[in-house]
Structures are given as C-alpha cells and as structure tokens.
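Notes follow once the structure below has been shown.
A short reminder: the numbers here are calculations on the coordinates, not readings from a lab. Since the structure is predicted, the reported quantities are computational estimates derived from the model, not experimental observations. Here the Cβ positions follow ideal geometry from the backbone for every residue, glycine too, while neighbour counts run over all protein chains shown.
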There are 2 protein chains.
Amino acid sequence: MNTPEIGELGQQLRVDSVRAAAAAGSGHPTSSMSAADLMAVLLARQLRYDFDRPSHPGNDRFVLSKGHASPLLYAAYKAAGAIDDAELLTFRTLGSRLEGHPTPRRLPWVETATGSLGQGLPVGVGIALSGKRLDRVGYRVWVLCGDSELAEGSVWEAAEHAAYEGLDNLTAIVDVNRLGQRGPTRHGHDLDAYARRFQAFGWHTVEVDGHDVEDIERAYGEAVSTAGQPTVILARTLKGKGVASVQDREGLHGKPLPEADEAIEELGGVRDLRVEGLQPQAARTLHAVRAGHLDLPRWEKKGDEVATRDAYGQALAALGSSRPDVVALDGEVSDSTRAEFFAKEHPERFFECYIAEQQLVGAAVGLATRGWVPFASSFAAFLTRAHDFVRMAAVSGVGINLVGSHAGVAIGEDGPSQMGVEDLAMFRTVYGSTVLYPCDANQTAALVATMAGLDGVRYLRTSRGAMPVLYGPGEEFPVGGSKVLRRSTDDRLTLVAAGVTVHESLKAAEALAADGIAVRVVDLYSVKPVDRETLREAAEQTGCLLTVEDHHPEGGIGDAVLDAFLDGRPTPRLVRLAVRDMPGSATPAEQLHAAGIDAESIVAAVKLLVENAVVR
Amino acid sequence: MNTPEIGELGQQLRVDSVRAAAAAGSGHPTSSMSAADLMAVLLARQLRYDFDRPSHPGNDRFVLSKGHASPLLYAAYKAAGAIDDAELLTFRTLGSRLEGHPTPRRLPWVETATGSLGQGLPVGVGIALSGKRLDRVGYRVWVLCGDSELAEGSVWEAAEHAAYEGLDNLTAIVDVNRLGQRGPTRHGHDLDAYARRFQAFGWHTVEVDGHDVEDIERAYGEAVSTAGQPTVILARTLKGKGVASVQDREGLHGKPLPEADEAIEELGGVRDLRVEGLQPQAARTLHAVRAGHLDLPRWEKKGDEVATRDAYGQALAALGSSRPDVVALDGEVSDSTRAEFFAKEHPERFFECYIAEQQLVGAAVGLATRGWVPFASSFAAFLTRAHDFVRMAAVSGVGINLVGSHAGVAIGEDGPSQMGVEDLAMFRTVYGSTVLYPCDANQTAALVATMAGLDGVRYLRTSRGAMPVLYGPGEEFPVGGSKVLRRSTDDRLTLVAAGVTVHESLKAAEALAADGIAVRVVDLYSVKPVDRETLREAAEQTGCLLTVEDHHPEGGIGDAVLDAFLDGRPTPRLVRLAVRDMPGSATPAEQLHAAGIDAESIVAAVKLLVENAVVR
C-alpha cells in the first residue's frame, strides 16, 4: 500500500468503528477514530503477523492497552481478512466474539484482556522479556496506549522495567487525543510533558502528528531501528478525528456517533480495502517442552521443623530443573519468599521486578501468553497490590502461579502491615482460581509441582515460620482433596484447618482426647476447590465443623467449607475461629493466642460447645 | 542545637535504633541508621511540631513512608521527649505502642500506618492537599521515603498529583542507601537517575550527602523556600552508616546488629540528648464542623426508574451542602459514578485524581487524617487497584468512604473488564469495614448520609442501570439492618438479595406466588454487618435461605448470611445463585439471565428445590 492508500485504510477503520458502535448502540468510536491512522500504518507497514497462524512463533505481538477502542481493533481484523463484515456488526451482542473490550478467551489474535487501563504496557513488557531473554526470536511487541492511562502508576512500573531490561523490541504508541472519559487529561496535547517522563525513565521518544501517515511511518521506523532501549511514540491526535460534530469534543466518550450515516458519508463512505500484512519472520517453532525427571526435595523425618516458604523455594528450583518452561519472578523479596533458590539455579529464567507488584503480575501474564509457566512470589499481603491484574488475568484466561508468603498473624513481630490476612478472600473470588495452603514441607513441594500444570490463576499461600513435617515425601495431594489427620467413630465435631492451624488443631485434639473429647481433624490444604466429599462425611458423622484459620473471618476457610453444602442439603453446625482483631507486634505464639486460633483457644472453644450441648 | 550537636543527635538516633532492635531481637536498624542524620536535622531545624499536642492544627506532618525504619522514628520520639527510654526498649513486644511498623492506632504522632512501601507519599499528598486547598494553614508535610520503594507505581501517581496541584508545602526526603531487602536497587547511588524522573514529573530536586548535616540543612531550607512545586531531597546515604561491620553491606536487611554493644561503642556510646523542636506556627483551631440541615434528594413515586449511582451523586452533593467537612475524590470517571454532581456544587472540595486509583485512595486517607470525611468513587472493578491502600487504611484505623459503581454483570455490554464481581469479597474481608449495597434511590441516599458518620472503611456499591423506586423518601436503613419485602406464614424459603437482585427476587416471588409457592424476600442492603436477627428468624420460619447476588459466589452475599449462624446454632439449608461463569458482552437482561440470577432463574431454582423436597 502506498501512502494515500494507507490514508484510505485509516478512514476505513474509522468508518467501520462508527458502523460497529452504531450497530451495537454502544461502544467507543471516538476513541477508535483518534488512533485509526496509527493502526493503519502499523497494519500496512510494520506488524509482521500471520492472522491464519496466531501462534506462529515469529509473529509480532500487538496489545491494545486502551481496550475500549475495540471497534478499531475489530475493524483492523476485518481489514486483515480475519473476520468478515457481518461479524464486525455483531459487536457487543450476546455470543459475539467481539466483546466491548477484547479478550483472548474469544479471539485468537488478542494477546491479553484489556479494558482496565494501565495494564497493556506491563503485560507487553512481559511479552517483550520473553522475546528478548527466553524465546530469542526477533518479534516486536507493539502496545497502543491511551494518554489518560499514563496516570496509572503501573505504566511507570512498566516503563522502569522495560528500560532497565533494555527492551528495544518493545514499542509503546500513545494516542494522545487529550480527552479522557470525563474531560481533558492533565497534560492535554503537551507531548513534551510525556516525552520528558519517558526519557527520564530511559526510553527513546518520538513525537508525531498521529494523523500524518508519513510522519507515523517514520516514527515506527525509528522505533524499529533504535537499539538498547524501548521506544515510545507520542502521537498528537484528535478524538473523533474526521467527523466535525464529534472531533476533539468533550462529553462524547463511550457513545456511538449521534448521526452515524452522516458521519460515514463525511468520512468518505464505506470501503472494503484489504490489507496484506507483513508475514512474520521465520522462527523456529518453539520446541515442545519435554519435562525431565522431577526430583522434588524430600523431607524424610516427620517432626523436623521446616518453613513452607523454604519448601516452596526448593521445590520451585527442582521444578525448574525438570521443566524448562518454568520461570520465576520476584518483587524484591526473594530472600523472604525463597524464590532466591530458583534464582541461584536458573538465573536465566529468573526475573527481578523490584518492589512493583503490579508489574510483577503483569510481566507474569505476558510471559504466560508466550507459553511460559510463571511463578511470581511476594508477601501475601503485598499481592493485594496486584488485585486488578489478577482479576484481569482471569478475564484473559491465562495460567499463572502466584505465591504469597508470610501468611497470617503467625509472622509475629513485624505487625499487621506485613500480614496476609485477606489473601484467601481475594484469591478465592477470582474466576476459575485454585487456592492452595500447605502446612508441611512435603505437601508444599507436591503442590508446587501440581499447580504448574493447572489452568487459570493458581495461588499458593506459604508461611514464614518453621512447622513440623507431617507427611511423607511420596504422599499425594490432589487439588480438591484434603487429609483427615485424626478420626474416630466418637468424634464430636470436626476441626477444619490449613497451614499453621493444622498444627494447632492437632495439639488441641490431643489435649481434648486427654479429657475424653474426641474430635476429627481435617487438613484442608485445597481451599478452592474444597473436598466436598470429606467435608460432607465429616458433617454427617460429627454434625459440626469448627474452622480455624489464620485469616480474617470473611472469605477464607470458614466460608470455603460452605461450598460443600450449597445444593440445599442439610448444613452442619458451623463455628469459626479466625483473626477478628487488629494485631500489633508480638511473637508468633502470642499472635496466634491473641487471635484465638492457637491450640489453647481451640480447646476452649470446643469445650464451650460441649458444655452448652451444641455438639453431641 | 548547633551543627556538631545535630551530628551527635544523629549518632544518638543510630544508637537508640540499634538498642531497640537488639532488645527486640528483630527490626531494621540498618535502614534506620542510613536516615538518622536526615531525621536529626529535620527534628532540630525544621519540624514544627508540638509533641504534647499532636492535634494542633499548625503542626507540620511527618510520614515515615519507609515504615520498617520504625526504630529511627521511635528514637526520634525519645529525643523529643515524647517517650522514655524504657518504652523505647519495649519495641515489638506484646502490648507495646512501638510496633514493628508504626500505626496511628497506637501512637498519636503517627499520621498514617506504613510498612507497605510506596504508600507514604500518596497519603502525604492527601495531607498536603488538605493544608493547601482546605485548611489554608501553613504547615508542611515531610515524607521520608526509601529508595527501593520508588519502584512502586503509586509513588509516581503521587508525584504526578503533587506537581499538578503545585504542592510546595510537601517535601519528600529519599534515603538513597542503594540497598533494598535482597540486594542493590536498580539505580544504586545514582541520584541523578531519580532526579531526572522527579524533574520530569514537575518536582524541584535537591541532591545531598545524607550524612552531612550542613548539606542537609541547606537542602531543607531550599525545599521550604521553593514556591509552586513540591521538592524532593535525594540523599546519598549508607545503610548501617557508622558501624563498619554492617555499613553499606548486603544481606543485613531486617536484622539486629550482630554485636550490638560493640556497635554502640563504635557509634560513641549511649547519649541522652533532648531536642527542643520548633513549635508549630499559630493556627486557628479548625472550627468544629457544624452540620446544616440535610436535604437529601427525595424520590416520591414508587416504581420510577432511577439508578443508584444517580442517587449517590445527588445525595453526596446534598450531604456536601449540609456538612462542610465532606470532600469528594474522583478517578476520572465522575460522569459515570455521578460524583460530578458533587463537583458541580462544591468544586472547592472536589479532587480530581485522574486514572490512578491508588492515589485516589491514598489521597482520601491523607485528607481523612486531617479530619475531612472523604468519599472516593470509581468503578467497583477498578477499586481492586487500590486493595493494598484499603488494607492499610484499615491498619491505620482511618475513616474513609469508598463508592464503587457499575457493580456486577448487570452493566451489560461493556463486558467483564468493567464488571465489579469481586468487590464485596474484597471489602468484606477488610478489618472493621462496613459494606452497603442499595437497590433503590431513597435507600442509597439514606445510606450515603449514614456512612459518613461511621468508623473505619465504609464501602457503598452502586449500579449502572435504572431500577424502580421501592422505598419512600423518609424510610430508615440502619447499618446492620435489612428489609423484609415480602413475607407470609406459608413461606417455603427465603430469597436473600441486594441491589439488582432484589428486583429480580420480587418478580420471582410474584411468579412463584401465582403457582402457589410462597417465598419470603429479604433486601440485605447491609452486607456487613448483616442483620442476624432477621436472617435467623427467616431460617427458623422457612428453613432455607436462597441467596441471589450479582457477584462471584465467593465472599459475597452468600457467604455474608453465614455470619448469622456461626455460634454453633443450627444452620439453615443454604442455596446460592451467583455469577459462576465468565461473562461476555450482552444486554443487562441477557447478562442476568446468563448468570442465572434473574427472576426466571430464581423461579426455576426454587421449583427445583420444591420438586426435590429440599424445602417444605
């Protein structure tokens, strides 16, 4: 295509954006129109992509960070021949692949779900890291951002990460149309303001007229030829470009054009240009990953004291030796999470993200889109920082492993800011997630190996302090299972615990047995999904479940057991011990006692239930 | 104090940091030692603060963003005469006010809880906004940051916000000791790297030797005399400064000094200098806020269709007219959340935070510490971005109102990225939180007025679409209450709903009644705390609770009802309808149907329970 033809292509993308939104009666045509020329030039001149083979290893990768401009994306797919006009007009309707914001669940050409702003660049950095450090394939990553979303801190975490890693295979294109949703952005059309920021963070910057095809072409060329640093193209554009009644006007965000037919006419009418994009460069198909023998660490002696975070680090290192597709990411706490064990053995597959948890998870998502199996670790408490990224990972349907250490009040003296006591609630409510919480080193190792093979968001909760080894090295721990650690026909209730409270429950059961009160103890290491069968059996046989958890009362283990009884069957009596007060500093044992979740508290609670004849 | 005496004071702060950590057997003395001279000069020369009157309106405000350097803070308190030496040595023990990371719950001189990095500056911006735009008092805000935490995106959200607002009453002091927890930072001692970034974001920067008292004095003076922009002081320091065996060494983060006695000797021994700080400038005591008459908006006609987000915006504007202490903050979506109604009526108390949800909540926390009653609104889905800030607000014990709009799949075509379907779980598990979810305009208005007077984190969930007015304008909705909208002695189960599902439940109940099946309907507008009495009565009288919620199954209304039955009493049968699949785009009605939470789905579920004799 020559320059005028690319100009025409830009108009076609505008027209099709207007048409799609008009058909839907909703959507963001004006946000699409501002970036149409940027997209047209990219499609015609730069993007090396085989739409028939979206998994081609040599394909460039395009991320629409401003996901609300989905009409533009779908118009581009149509221009590339990937979808037809009839499908374009299904935009936003029930069952259509063309959702309001694009997701890879439905469309093979979408790398990652967007629509929560400020996430495309962090994920793009992960993809670019894969290309540069792991795949060693020369594909480029193009991320189209809005100007409004540059206010998100996650963008600057990504900017820092990309420059530090010298990701010259990454180009951010910012559609500076000066208008956010509710009005002007902070910096309007001041491209220099953005340029100064990106330059300070170590990026190469190019400022262009985002509606001048030749100017854009030149900028893309400059990005491709810039070595050693990522490039950002700051493009001055007009929202609603090309239609006078909406162009550069406020108050029109997220609305179809009022007079679509007239607008289309003003844009030169419907076209049906077809762009033959560039083919991806030849690239070896990534070898099918052949896992070697897995030598998980083994703790042979029951009763030995081992922290589950130590077991995690060792198991992850072992898994890395067995599986060449496993990578690890750290939020500058690898000495605490023990991800450092992996770093020492597999430095080439270890990614230091520093204290930037959104970027930590964003990069993990990006790596996962390229087929890697990421394990990202930080303190459980600090993974809350990445909640929105975790949520969007679930929307993407991508598989990532997140590991939160220093769970609960059991960490002791550091106090509440460092205690993960909301993490189970956060991860349980994520769509399609798996939530695991081991109490023992061998169990941890087995779960680490298992979680790597699951779908969706997998979360493992580890503990700071050492706990006795309970299980043998060969024991199996299926997801959705549990372990009944103590049972008799006389059990008067069932203690349901996980992690540190398993050990407290066992101690309590021992003490209660000495007083003639038999109780069952279940290790609910799989918090989601839960072991319905075992919980139902315990309910039928003992009548009461007493849950004990180092977590706030809401959304954790106490709520999780309910999943076994939600089909209308009789529900057992339920009693919950959990962290109900705000802790201060104290030793781990003092913390567990103050929270009422240590053995002594459990004994007291059980005796109270027995004395009041709540249990048999 | 003269310069040598301030040098001595710095040594005393080091010695006391070492002593406190040694007594505790844990803590972060080396991170304290790097910043000791910065703190000594601040205390002796700049901080205008009356430790006997921490609520003095003219007091400067100091925030220790690097909260792990708490030994330094407590050593400074001792030097100022606020605590004695005996208390200093209680550091990190059970019941001590001197926690591992400082919190205002325990200490009156702490503005905000820190310990999750990258939060001090965002909160400091909120305090500075209060001083500059609302209090109009000339106090200064000093925030001591670590260098590692500058990797957090939230710091750059704050940097952008502070410069844009021209907060020349704000000074960030960065203790660039080049070492993070697990090793060197990205930029080490390259002060210029940080300076470039802050300058690009619009800050005045000063680079200093952080162990040269005169240099520091000069820098503070420059900060105070800089008009129109905030200042950052980038101080080159050494971690563990003053003790050769630990100074500038890796692997010593968060550990007491190995030979404390020798270290103290090397630092010149124990001192007992007492610093007479500067007194705050005279400032009027902020007037006790006298609330005027509250004219809440009224919707007189039942059945009229009104969106709860509209009711929120109108009620907030009315509340602002009545209460001069109410302020509102927006994450660049005020046209959607309807916070714009407040903005139009009270522009001087409206804060646009652009698309930066961490800063949105951080600024709200800062404003709340100065006695304002902030309402911060965004989409429910995007408040997940600020989860860690919400968590820390709870640790602080500060009162903030957060309002999440566009709840649930009911938003329709925009798709899953915009749908809040995890927010109830996130907010319920926050310590001391209140979670409200209205289904009607008058209810919304009443709850907005009520929540302003509560303690802790208050969350209100609003909906995008219009819903019929159910309640009269004068009706009361106490926190912890519910409304029984339909009841009879023949009820065979109870539908428990909130928000949009209240209306679906009422329709379902009507249809079921036509088939001779009576069901009770409860509007559980107070999701936390729940109305135990009404739920227990419904359980006793109907035997089964069927919860219906526009939220994922975990952590929402279905779990919330359990709170009424956790003392070991018999639990009713529980059945849960919730959003179990990943939605795509569709109309609101199609979404509710696909999720199985519309009237038709409820009818089908109830009939299934009746047919299978699960209910009476």
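Some points to look at:
- Debye-formula intensities of chain B, expressed as log10 I(q)/I(0) at q = 0.05, 0.10 Å⁻¹, are -0.26, -0.87 (one equal scatterer per alpha-carbon, no solvent).
- Cα-centred dipole magnitude for the stretch A:1-80, charges only on beta-carbon of K, R (+1) and D, E (-1), debye, nearest 20: 180
- Between the stretch B:431-458 and the stretch B:284-355, the Cα center-to-center distance that results, in Å: 13
- The stretch A:86-140 and the stretch A:15-55 have Cα centres separated by 13 Å.
- Relative contact order, percent, chain A [alpha-carbon distance under 8 Å, six or more residues apart]: 12
- Given charges at Cβ of Lys, Arg, Asp, Glu: the protein assembly as shown dipole, positive-most of B:Ser32, B:Ala82, B:Trp299: B:Trp299
- Evaluated over chain A, the count of Lys pairs having alpha-carbon atoms less than 23 Å apart is 17 (only pairs 8 or more residues apart or interchain).
- Label reach from B:Arg249 (point 7 Å along Cα→C-beta): in the stretch A:334-351, amide nitrogens under 20 Å belong to A:335-336.
- Dipole magnitude of the protein assembly as shown about its Cα centre (Cβ charges: Lys, Arg +1; Asp, Glu -1), debye to nearest 20: 1460
- Beta bridges by DSSP in the protein assembly as shown, antiparallel share as percent, to the nearest 5: 15
- Ranked list, fewest to most other Cβ atoms within 10 Å of each Cβ, for A:Cys544, B:Cys145: A:Cys544, B:Cys145
- Listed residues A:Gly456, A:Val365, A:Leu170: farthest to the positive end of the dipole of the protein assembly as shown (Cβ charges): A:Gly456
- Positive-end ranking of A:Gln119, A:Ala518, B:Ile264 along the dipole of the protein assembly as shown, with charges on Cβ about the Cα centre, is headed by A:Ala518.
- Which of B:Ile173, A:Ile6, B:Ile517 has the fewest Cβ neighbours within 10 Å, and the rest in rising order: B:Ile517, A:Ile6, B:Ile173
- Gyration tensor verdict on the stretch B:280-344 (Cα atoms; rounded if a/c is under 1.5, prolate if a/b is larger than b/c, oblate otherwise): oblate
- Along chain B, the longest continuous region that contains none of the GluC sites (Glu not before Pro) in a DSSP loop with at most 16 other C-beta atoms within 10 Å is B:1-249.
- Sorted ascending by nearby beta carbons within 10 Å, beginning with the fewest, B:His406, A:His56 become A:His56, B:His406.
- Residues whose placed amide H lies under 5 Å from that of A:Leu94, excluding near-sequence neighbours: B:Thr587
- When chain A is turned onto chain B, the axis of that turn runs closest to one Cβ of chain A, and that residue with its distance in whole Å is A:Gly153, 1.
- Lys, Arg +1 and Asp, Glu -1 on Cβ, resulting dipole of chain A about Cα centre, debye, nearest 20: 900
- Computed over the Cα atoms of the stretch A:195-308, the ratio of the radius of gyration to the Kirkwood radius (Rg/Rh) comes to 1.28.
- More than 22 angstrom apart: percent of Cα pairs within the stretch A:466-616: 36
- Projecting the alpha carbon convex hull of the protein assembly as shown along each direction and taking the average yields 44.3 nm².
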